[in-house]
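The block underneath contains the structure these notes are about, expressed in C-alpha cells.
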Amino acid sequence: MKPAAGEPTPIALLVCFAVKEEAAFALPLPMLMEGCAAIVTGMGRRNASTQLEESLKRFNPGRVITCGFAGALNPRLKIGDVLFEEDFDAGFGAMLESLGAVPGTFHCSARVAVTIAEKSELRKSTGADAVEMESSVIRTLCRQRKIPSATVRVISDTADENLPLDFNALMTANQKISVPKLAGALLKSPRSVPRLLELQRNTRVAARRLADVLHGLLRGLSGAGA
C-alpha cells in the first residue's frame, strides 16, 4: 500500500553515516531487505539532527542505525574493531555479535578527540569505550519518535595514538574540512603528511570492516524476514 500524498514512505531500516568516507565500501547497500535507505548527514550533532529530521519527512523507518568511524578510548580496542550499542527493542545485537561486533559504550563529543591526553581524559570522565560526534542526537530523535535504534561504529584510531593534525582547527562553520586550511596546515607541518596517509589507510581498513558487518547484518535480517 502506498502512503497517502505527503506522508513519509514506510521502510524497514534507515542507515545513517556522517561522511562519505565511512560509507566508502558500504554503499550502495545490497537490496536484501525491502525498504532500506541510507543517508550521509555531515559531521557533528547539528548536521546529524538537521539531516535526520529532513529524512524523516521522506521516510518512516521501522528501525535506524547510526554508523561510521569512532576513536578508541578503551586502550584494548584496535583499528577495525566494531562496537555497537542498541535500544532494548532494536533486535540487532545477536546478529552483530555473530559478525564479530562487540557491545560497547560511546561518548558523543562536540569536537574531534585529537591527542592521547584528550582520549585518556574522556575515558576517565565518561567511562565510554569510544568517541564519535553524531550518534547521540540521532538516537535521541529516534527515541522521541519511538523508533528503535542502534549505534554501530568501527574504530579508526586507537587510544594510544595522536591524530596527525588538529582537525578541529581545519573545520568550516558547517563542520566540513576546509581544503585551504588543510593545505596550509600541511605546508606548515610537512612531517604530518606520512601520518596523515597512514590515517587514511587505517580509515579505509575500518570502512571496509564496517561494510562487512553492515552487509552481514542486512543478510541476516533479510533471512530472518525482519
task = Go through the range 70-103 and count every residue that is among the hydrophobic types (A, V, I, L, M, F, W, C), at pLDDT 95 or above and more than 30 Å from Leu163 (Cα to Cα).
result = 3
query = Here are Leu122, Leu187, Leu218, Leu210: which of them is at pLDDT 95 or above and over 15 Å from Val19 (Cβ atoms)?
reply = Leu122
task = Please go through the range 87-107 and pick out each residue that is touching a residue at least 60 places away in the same chain (Cβ under 8 Å), under 15 Å from Leu217 (Cβ atoms) and surrounded by 15 or more Cβ atoms within 10 Å (Cβ to Cβ).
result = Ala90, Gly91, Phe92, Met95, Leu96, Leu99, Ala101
ask   = Any idea how many residues of the range 108-119 are in a loop (DSSP other than H, G, I, E, B) and surrounded by 15 or more Cβ atoms within 10 Å (Cβ to Cβ)?
value = 4
message = Please pick out the residue among Asn60, Asn74, Asn47 that is assigned to a loop (DSSP other than H, G, I, E, B) and among the polar types (S, T, N, Q).
response = Asn74
task = For the range 42-83, name all the residues that are surrounded by fewer than 19 Cβ atoms within 10 Å (Cβ to Cβ), under 24 Å from Gly104 (Cβ atoms) and among the polar types (S, T, N, Q).
result = Ser49, Asn74
request  = Return the pairs, sorted by first residue and then second, in which the second residue is of a type in the set (D, E, K, R) and at pLDDT below 95, the first residue lies in the range 18-31 and is in a loop (DSSP other than H, G, I, E, B), the beta carbons are less than 8 Å apart, and the residues are 6+ apart or on different chains.
outcome  = Pro30/Arg219
request  = Have a look at Glu97, Glu54, Glu85, Glu21 and point out the one that is in contact with a helix residue (DSSP H, G or I) (Cβ under 7 Å, 6 or more places away or on another chain) and of a type in the set (D, E, K, R).
outcome  = Glu21
remark   = Residues of the range 60-74 being over 17 Å from Val114 (Cβ atoms) and more than 13 Å from the chain's Cα centre (by Cα), in sequence order, are Asn60, Pro61, Gly62, Arg63, Asn74
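The values are calculated or read from the model by the stated rules, or taken from the named source; none is laboratory data. Not measured: the values here are computed from a predicted model. Methodologically, a virtual Cβ is constructed for each residue, glycine included, from the backbone with ideal geometry; neighbour enumeration extends over all protein chains shown.
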